[in-house]
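Values in this text are rule-based calculations from the coordinates and carry no lab data. Fair warning: this is a prediction, and the values are worked out from it, not measured in the lab.
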């Protein structure tokens, strides 16, 4: 070892002082630099892991929300289809009711018009009968002037017309 020390010109006291200096510098660096640095790196790693976990959870909740949204939309479409079908059915029922009401009203109008026409026909027939009776009586009076008794002829004509 002596040859090694002389070859490299090593002094054991200087070497010991450098080892002590290195130990002091290493201790100071460890306590004041490396330890806070390791603590900061550990905290940062923890935050990163927490962020990744939150991102994964957010992605899962997003997927679930999309699925829920699709389910809600599908349910809404089904409900809308049911409502539309009910509205169509109600419209069809109402249309049928209106058609029945319109037919009933038309039937009533037709019946009223028939009644009015029958009444008018009866009035016209009575007028025609009266006019015909008058014409017949006048014709008889002109044809049979001496044999006709006007009052009795008129009664007979009225009786015939009434039958």
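If the chain linking residue 26 and residue 104 were pulled fully straight, counting 0.36 nm for each residue of separation and taking away their Cα-Cα distance, it would gain 17.0 nm. Of the three principal axes defined by the Cα atoms of segment 2-162, the extents in descending order read 197, 21, 20 Å.
Taking the longest Cα principal axis of the chain as reference, the axis of helix 35-143 is set at about 0 degrees.
Helix 150-162 and the long axis of the chain differ in direction by around 40°, with both axes built from C-alpha atoms.
Just to confirm the number: angle between the C-alpha axis of helix 12-29 and the first principal axis of the chain, 0 to 90 degrees, nearest 10? Relative to the chain, helix 12-29 is tipped by roughly 20 degrees. Multiplying the residue separation of residue 125 and residue 89 by 0.36 nm and removing their Cα-Cα distance gives an extension gain of 7.7 nm.
On full extension, the segment bounded by residue 81 and residue 48 gains 7.0 nm, given 0.36 nm per residue less the C-alpha separation.
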